[in-house]
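Q: Quick one: structure below, then a few questions.
The values are calculated or read from the model by the stated rules, or taken from the named source; none is laboratory data. Just so we're clear, the structure is a prediction, and the values are computed from it rather than from any experiment. Backbone-built Cβ (ideal geometry, glycine too); neighbour counts: all protein chains shown. For accessibility, only protein heavy atoms count, side chains too; no ligands or nucleic acids. Shrake-Rupley method; radii C 1.70, N 1.55, O 1.52, S 1.80 Å.
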Amino acid sequence: MSAAVTAVGLAVPGAHQPTDLVTGTAAEAEPVDPAARIGKKGLRYQDRATQLALCAARDALNAAGLMLGDARRQGPGAPSVNAQLTVPAGSIAVVVSSNFGNFDSVCEVVTGIAEDRGTRLVSPVLAPRLSSNVTASEVAIRCGLRGPNVMLCNGEPSGLDAVHWAVTLLTSGRARHVLVVGVEPGTAVVRRLTGQASPFDGAAALVLETTATASAREATVVAEIGQYARAGSLGVCLSELTGTAAAWFAPQDAPAGVLPGVPRHALADRWGHASGALGVLQCAAAVGHFAAGGEGPVYAVSGDADDAVAGVVLTAGSAA
């Protein structure tokens, strides 16, 4: 069963709309300033990944017509009255993918303990940020979303796995709409621990619905998510994807010569190593590909070419 993509939200330096993802670059672009995008209230104790995810989530929900205005915290667990959902809060699920999202918080606490300060002197405001699901939880709390809430930290294929689980929530009837976010912070801690000189520092968000739900509320469909495949190598994963690709978004280490003659997009060359955010970023870029008149189907493939690889087939929506 396919799922409709009805909106995209971006918090990517140098990319203001999905078409920019296939033509632009993060080089010399200013980092995203979450406070300027969504207001600084409630952001002080949030890590970089959560702040970026909130920006992309807000824009995706607004673009889909599921939320009107900004969601800004007024108190513990209370979304702002400025944010108004247009559908029941329990009908919107959240699925977030990030491998490095709370690295900074964990390293700060570990460093403090290692320097003999002990746990007694660890700031209590850091405690919630030590949980890997903090980003998914905060997006739901701030936006007032009460559907299923899932956080994936699943290596390189994690972003496309998140898309797959979003579709599963839709087809199983657990949610009518799913907000999918892929986010990674390009902080000094991430650079040091991964060895990446210029990692991706941003977030991409998608709103997914069944085609029937999208049609019933007359939502614009910008792309459709079709088949999902997961395998132990790039070659096997590609062989399981059906349809002849008109273009494909490749994983970072995909060798040359794969899918010869098919236009290839390597988003890491433009935006940096995106890790758990890559799959969602690829789907957002596929929306940009279709918006610019590109043909489908398009393959989005992420993972380690010699290990776990996930792939998704996307086709143009009615708006393309």
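Q: Test of understanding: in a Gaussian network model of the chain with alpha carbons linked when under 10 Å, which of Gly69, Gly173, Gly294 would top the mean-square fluctuation ranking?
A: Its mean-square fluctuation being the largest, the pick is Gly173.
Q: May I ask for the distance between the Cα centers of the stretch 142-192 and the stretch 231-305, given as a whole number of Å?
A: Each part reduced to its Cα centre gives a spacing of 19 Å.
Q: Right, here's the next one. With every protein chain left in place, what is the accessible area per residue of the stretch 3-217 in square angstrom, probe 1.4 Å?
A: Details: 9010 Å² over 215 residues.
Accessible area per residue, the stretch 3-217: 42 Å².
Q: Let me know the charge dipole size of the chain about its Cα centre in debye, to the nearest 20, where only the beta-carbon of Lys, Arg (+1) and Asp, Glu (-1) is charged.
A: 1120 debye
Q: Taking each full run of DSSP H in the chain as one helix, which ones are at least 18 Å long along their axis (Cα atoms) and have mean Kyte-Doolittle hydropathy of at least -0.5? Don't jump to the answer; show the numbers that get you there.
A: Numbers: long enough: 48-64 (24 Å, 0.37); 158-171 (20 Å, 0.94); 278-291 (19 Å, 1.50).
For the chain, where a helix must reach 18 Å along its axis and average at least -0.5, the hits are 48-64, 158-171, 278-291.
Q: Same structure again: Quick one: net charge of Ala49's neighbours, Cβ under 11 Å, K/R +1, D/E -1?
A: Result for the local shell: -3.
Q: Now for a different question. Which peptide among 55-62, 251-258 comes first, and what is the full order, when sorted by highest mean count of other Cβ atoms within 10 Å?
A: Details: 55-62: 25.4, 251-258: 14.5.
In descending order of packing, they fall as 55-62, 251-258.
Q: Which value, in Å² rounded to 10, gives the accessible area of Leu169 with a 1.4 Å probe and all protein chains present?
A: Roll a 1.4 Å probe over it and Leu169 shows about 20 Å².
Q: Where Lys and Arg each count +1 and Asp and Glu each count -1, what net charge lies around Gly232 among other residues with Cβ under 14 Å from its Cβ?
A: On the way: positive: Arg230; negative: Glu156, Glu240, Asp304, Asp306, Asp307.
For residues surrounding Gly232, the net value is -4.
Q: How do Tyr45, Tyr228, Tyr299 rank by accessible surface area computed with a 1.4 Å probe, from largest to smallest?
A: Tyr45, Tyr228, Tyr299
Q: Note down the relative contact order for the chain as a percent, whole number, built from C-alpha pairs under 8 angstrom at least six residues apart. Working shown, then result.
A: Details: 797 pairs, mean separation 81.0, N = 320.
Rounded, it is 25 percent for the chain.
Q: Here's another thing I want to ask about it. Classify the stretch 181-320 from the C-alpha gyration tensor, please: rounded if a/c falls under 1.5, else prolate or oblate depending on whether a/b exceeds b/c.
A: Cα axes put the stretch 181-320 in the oblate bin.
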